[in-house]
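For reference, the structure is listed below as structure tokens.
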Amino acid sequence: LTESDNSIDTMIVPAQNDGFEKVFLGENSWYAVRVSGGMLSKIKFIAAYQTAPVSAITHYAPVDRIEPYGNEGKYKLVFSTKAQPIGPIPRGDVPKGTLQGSIYRSLAQLKKATTVADLIVKGSVTG
């Protein structure tokens, strides 16, 4: 990975089918998510990993703004445009349950990945 590939700007979140359709695609936002300390100012994109039966990253969107959501330190990410299809980037040989929480990568890394395994590297930033 080159230096520019390492600039983390993308949050990859697990999404179940109903929430994905209703919120990620329908409301152009994603909410009630925890964001790791120090990551708030870095997030420029969000990508959705659809859980089983899809088991793939299928869409991403540019983030317009991040707002506090509720009283538990969670946030709402509001998209600047509708989510765009990507991939799909299948889970590959990553064990089930690996994407229980969010992971942070660069958009360049996301666009290069052929499987989710490409995005899960030792010592990676997860939240």
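Side notes on the structure shown:
- Fraction of accessible area attributable to carbon and sulfur, the chain (%, probe 1.4 Å): 52
- Think of it as helices only: each DSSP H run of n ≥ 4 in the chain is worth -39500 (n - 2.57), and spread over all residues that comes to -1000 deg cm²/dmol at 222 nm.
- Candidate cross-link partners of Lys76 among the lysines, defined by an alpha-carbon separation under 18 Å and a same-chain spacing of 8 or more, comprise Lys22, Lys42, Lys44.
- Here the range 16-127 is treated with +1 on each Lys and Arg Cβ and -1 on each Asp and Glu Cβ, and its dipole about the Cα centre works out to around 300 debye.
- Accessible surface area normalised per residue over the chain is 54 Å², counting heavy atoms of protein chains with a 1.4 Å rolling probe.
The values are calculated or read from the model by the stated rules, or taken from the named source; none is laboratory data. As the structure is a computational prediction, the values presented were derived from the model and not from experiment. All Cβ positions, even for glycine, are placed from backbone atoms using ideal geometry, and neighbour counts span all protein chains on display. When the accessible area is computed, the model is the full protein with side chains, heavy atoms only, and any ligands, DNA or RNA have been set aside. Shrake-Rupley method; radii C 1.70, N 1.55, O 1.52, S 1.80 Å.
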